[in-house]
Every structure is written in C-alpha cells, then in structure tokens.
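Have a look at the structure below, then the notes.
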Amino acid sequence: MALKRTFDEDLEIAVNFHGHLCAGQVIGTRLCRIALEYFGIDEPETYRDLIAVSETDRCLADTLISVAHCHPGRRRFKMYDYGKMAASFYDIQSGKAIRIASKTTPQPVKGKDDVKEFFLAMPIEDLFTIQVIELPLTQYDLPGKSRVSVECVQCGEKVTDGRFIDLDGDKYCQTCAFDSSYYRVIHDLELH
C-alpha cells in the first residue's frame, strides 16, 4: 500500500509544525510512515482510529501529531516520557499495536552531512527496531466523550476518564489521593 503523500511532503508538514528541520523530524517522519504503512492508513488526516504513544517529549512527539495526525485533544496521542526515541501505535479497528524504536546509530556531522539524506540513506533495519506488541488501553483511554466524571471529595475538582482513585468508596483525584503533584500551591489567586 502506498501512502498518498510522499516522504518529502510529510517531512515538510513535520518541519512546519515543529519549527525547524532536525534529525528528530527526519527519523520521526520515517517512523510515522512505517506505522501508517503497517496499518494501511493512506490518509491519516481522515483516519480516526489510530492512537500514538510517544516515549519522549522531544521532536518525535511533534511528528506523531503532525504526520500521523494523532492529536492529544482528540485522545489519539499519549505520552510516557521515558527519554526514548520510540513510539507505539494502536489501531482501534484492527486491535493491533506496534512499537518502533530508533536504534543507536551514527549521527550526521554538522556542516558536512545533510541530515535528511543521511537518515534516508540508512536501511530501516539499521535505524529501527519494530515489534508487534500488546498495548493495555482501557475504554477510558479511547477517543470519544468521557465515559465517567466524578468530583474529588477533597479538592472538589472534576476528574474524568476513570483517572480518579477510589479510597473506601470516596473518589479522589490522583493529586489528593497521593498527596503529590507536579505543582505546589502557593496561594489562591482572586481576580477582580
């Protein structure tokens, strides 16, 4: 199955979204195209059943959004920042999943090698490890409307998509249940 867009067209989409050409955009575009071909998706803009999971918060994440058309707001993009140039893809229709990881490879020499040509010249098997995997997604991880919404008994904030913690029948957000967060409240702000 041939994709409707060329590699260069996909790379241009990635670069425009990301803001500049870099190794991550070239590798990420190749990685996305492997997944799209594997699942037989020739028009990712209109396909609504592909979920991508990024293992980094760097350049690759932008290619998953722009080239594979997996957007976080549509619940088709997930991120587990393990610092790896790797991504998993789950096709809801087929129930199949694959993981593609970039191997440690030589890097282009700045000012000497053309980054695009350098990584395009590498055979797929030298650049990536590709595995068929199981991806344990639940109904709460899938696109669509929230399936459940509760109010945290401690902070009163709304918690959707089964992300609450049930402690002795009371529903808590994860922050209150585990007494931890990525932020620390200094004080409430009152706007006038």
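The values are calculated or read from the model by the stated rules, or taken from the named source; none is laboratory data. Small disclaimer: the values here were computed from a predicted structure and weren't measured. Note: ideal-geometry Cβ built from the backbone for every residue, glycine included; neighbour counts use all protein chains shown. Remember, those area values only see protein heavy atoms, side chains included, never the ligands or the DNA or RNA. Shrake-Rupley method; radii C 1.70, N 1.55, O 1.52, S 1.80 Å.
Roll a 1.4 angstrom probe over the protein heavy atoms and tell me the percent of accessible area of the chain that is carbon or sulfur.
C and S fraction of accessible area: 50 percent.
What is the ratio of the Cα radius of gyration of the range 81-192 to 2.2 N^0.38 Å, with N the residue count, to two decimals?
Dividing the Cα Rg of the range 81-192 by 2.2 N^0.38 Å gives 1.67.
Please check: in the Gaussian network model of the chain (C-alpha springs, under 10 Å), which one of Cys32, Cys155, Cys22 has the largest mean-square fluctuation.
Cys155
Over the range 103-159, consider all pairs of different Cα atoms and compute the Kirkwood hydrodynamic radius from their mean reciprocal separation; express it in Å, one decimal.
Across the range 103-159, the inverse of the average 1/r is 16.5 Å.
Under a 5 Å amide H to amide H cut-off, with H placed in plane at 1.01 Å, what residues pair with Met79 once short-range neighbours are removed?
Ser54
Which order do the peptides 80-88, 53-61 take when ranked by the mean count of other beta-carbon atoms within 10 Å per residue, highest first?
The peptides rank, most packed first, as 53-61, 80-88.
Calculate how steeply helix 23-39 sits against the longest principal axis of the alpha-carbon atoms of the chain, using the helix alpha-carbon long axis, and give the answer as 0 to 90 degrees to the nearest 10.
Helix 23-39 and the main axis of the chain meet at about 80 degrees.
Each residue of the range 141-156 in order: what ³J(HN,Hα) in whole Hz does its phi give by Karplus 6.51 cos²θ - 1.76 cosθ + 1.60, θ = phi - 60°, with x for Gly and Pro?
9, 7, x, x, 5, 4, 8, 7, 9, 10, 9, 5, 5, 8, 9, x
Can you compute 3J(HN,Hα) from phi for each residue in the range 183-189, using the Karplus curve 6.51 cos²θ - 1.76 cosθ + 1.60 with θ = phi - 60°, rounded to whole Hz and x for Gly and Pro?
Using θ = phi - 60°, the values come out as 10, 10, 6, 8, 6, 6, 10 Hz.
Enumerate the amide H contacts of Gln154 below 5 Å, restricted to partners 5 or more residues apart or on another chain; note that Pro and chain-start residues carry no placed amide H.
Here the answer is Cys173, since their amide H atoms fall under 5 Å of that of Gln154.
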